[in-house]
Amino acid sequence: MKHFLAALAIALGCLATPAQEVPSIKNAGGNDTVGKLISPTESRSADRPPSATDEIGMLRTAFRPEFFKKQFDPQQYGPNDAIGSGTDAKNEGQESTDPDDVKTRYLTDTKFHWKGALVQSAAFLAVQHGFRMTEEKTRSELDGPFFRDWKESVANLRGWDDGGKFFTNYIAHPMQGAITSRIFIHNSGKSLRQEFGGSKPYWSSRMKAMAWSALWSLQFEIGPISESSLGNVGQRLHDDGRSRLTYLDIVITPTVGTGLAIAEDMIDKYVLHGWVERKIHNKALRNIISGLLTPTTSFANMMRFHSPWYRERLQK
């Protein structure tokens with residue numbers, strides 16, 4: 001059963017990636033715009049096959065910049081022109097990636113998007129357990145009765161020092177907490193708009209993010225798809241009697257992790273938005289700096305299938 005749950009946890013992350021479809025190009029009447037590729041002067045009789053001249057004319061028309069602007073920027077054209085913007089061409093229920101729509105949602109959204117938050121959390125959980133399955137100490141504990149081993153592991157939850165490395169306990173785990181906090185922020189319309197400062201809405205949103213991170217941390221440590229259930233962390237004690245499953249990670253992950261997320265909010269406001277985006281005109285360099293200075297935000301962006309440096313405010 002442990003092997004099955006481990007595979008299931010990893011598969012959840014893989015299945016979470018939504019299928020992306022290329023939107024079709026339609027005209028105002030809903031018909032395909034293939035016919036528009038041929039201008040009136042290049043039209044041919046219906047009773048003869050296309051000649052080489054016809055084919056060349058079609059290609060010339062298709063690769064004109066004005067043609068693509070007409071297809072994908074219908075607001076500059078009349079109602080009878082072809083349309084195909086990110087809003088109109090998207091499938092029903094599929095989130096639009098049109099910049100104007102992203103900006104509008106960023107400024108007006110007040111909802112918490114449960115589906116996105118759960119899918120992104122599942123993807124992150126798959127990454128976490130996928131990494132753990134590369135470790136021999138984890139794979140060697142996958143055999144045995146699932147519920148009995150899980151119960152025995154959780155029963156040894158006590159103390160603070162779990163004997164782990166400083167980097168693991170005080171750097172890696174807080175980064176995990178920052179990522180899960182950011183997943184909450186990304187899926188909360190109100191939280192996403194909050195900028196670092198002393199306002200009550202900002203701090204309220206970050207406390208909610210910490211609560212989300214705390215629940216995730218609790219699940220990852222002692223939940224049904226956790227280190228305790230998949231790998232039996234805590235079942236075997238250290239030689240001196242100390243438990244390998246303590247309260248350290250459960251507490252440090254959401255608290256210090258949210259502090260790290262807040263620190264990245266400060267960097268985003270004062271360094272990236274306040275200086276980098278204004279002074280550095282090389283887009284590639286700006287993106288690299290943004291990804292490096294806010295690493296947990298970058299990782300959380302990838303969990304929602306965006307580029308690491310993605311920011312809603314830049315979608316103008």
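The values are calculated or read from the model by the stated rules, or taken from the named source; none is laboratory data. Because the structure is a prediction, the values reported are computed rather than measured. No Cβ is skipped: glycine too gets one built from the backbone with ideal geometry, and neighbour counts run over all protein chains shown.
Things worth noting here:
- Whichever residue in segment 142-156 is in a loop (DSSP other than H, G, I, E, B) and surrounded by 18 or more Cβ atoms within 10 Å (Cβ to Cβ) and, among such residues, is nearest to the chain's Cα centre (by Cα): Leu142
- Pairs are defined by a Cβ separation below 8 Å, a sequence spacing of at least 6 or placement on different chains, a first member in segment 270-297 that is farther than 18 Å from Ala178 by Cα, and a second member that is among the hydroxyl-bearing types (Ser, Thr, Tyr) and surrounded by 11 or more Cβ atoms within 10 Å (Cβ to Cβ); the pairs so defined are Leu272/Ser290; Leu272/Thr294; Val276/Ser290; Asn287/Ser307.
- Checked against the criterion of being among the hydrophobic types (A, V, I, L, M, F, W, C), out of contact with any His (no Cβ under 7 Å at 6 or more places or on another chain), surrounded by 13 or more Cβ atoms within 10 Å (Cβ to Cβ) and not in a helix (DSSP H, G or I), segment 109-117 has at least one qualifying residue.
- Residues located in segment 298-316, provided they are of a type in the set (Gly, Ala, Ser) and within 14 Å of Arg182 (Cβ to Cβ): Ser298, Ala300
- Of the residues making up segment 120-134, at least one is part of a loop (DSSP other than H, G, I, E, B), without any contact (Cβ under 8 Å) to a residue 12 or more places away in the chain and out of contact with any strand residue (DSSP E or B) (no Cβ under 6 Å at 6 or more places or on another chain).
- Verdict on Thr258 being closer than 30 Å to Leu157 by Cβ and either of a type in the set (A, V, I, L, M, F, W, C) or assigned by TED's automatic domain parsing to the domain that holds Asn156 (or both): yes
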